């Protein structure tokens, strides 16, 4: 009988980590960065809150301050955002929204 560790029980394989973009109003460089960083953080098995915090920090550093990030499984969203500064996609079981809005 094999007992799997909690880490392995919830680990995702490569096909589950393939991003599924639902809506994107963002230049390709930003889109690719969002997908790459999100996949990296989720592979590290970080909590949704930690993924959101790290993504916001990464976007603030690379593209200027003012970014907002939502990561989770059960939420709805309706946001106002700057033009070309919004993406909604899935990585694994997590839905991710990244957008920049006026302060």
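The values are calculated or read from the model by the stated rules, or taken from the named source; none is laboratory data. Just so we're clear, the structure is a prediction, and the values are computed from it rather than from any experiment. When we count neighbours, we look across all protein chains shown, and the Cβ atoms used for this are built from the backbone with ideal geometry, even at glycine.
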Next on the checklist: Of all residues being more than 18 Å from residue 32 (Cβ to Cβ) and touching a strand residue (DSSP E or B) at 6+ places or on another chain (Cβ under 7 Å) in the stretch 51-66, which is modelled with the lowest pLDDT? Just the residue, please.
Outcome noted: 66
Checklist outcome for this item: residue 55 meets each of (1) in a strand (DSSP E or B); (2) crowded, with 18+ Cβ neighbours inside 10 Å with one exception, condition (1)
Checklist outcome for this item: Going through the stretch 11-46 in order, the residues found to be at pLDDT 90 or above, under 14 Å from residue 69 (Cβ atoms) and outside any helix (DSSP H, G or I) are 26
Checklist entry - In this structure, does residue 69 turn out to be under 16 Å from residue 33 (Cα atoms), free of Cβ contacts under 8 Å to residues at least 40 places away in the same chain, surrounded by 13 or more Cβ atoms within 10 Å (Cβ to Cβ) and within 11 Å of the chain's Cα centre (by Cα)? => result yes
Checklist outcome for this item: Counting only residues that are surrounded by fewer than 16 Cβ atoms within 10 Å (Cβ to Cβ), more than 14 Å from the chain's Cα centre (by Cα) and on the phi < 0 side of the Ramachandran plot, the stretch 76-100 contains a total of 7
Checklist entry - Given the residues 70, 98, which is the only one that is part of a strand (DSSP E or B), in contact with a strand residue (DSSP E or B) (Cβ under 8 Å, 6 or more places away or on another chain) and modelled with pLDDT of 95 or more? => result 98
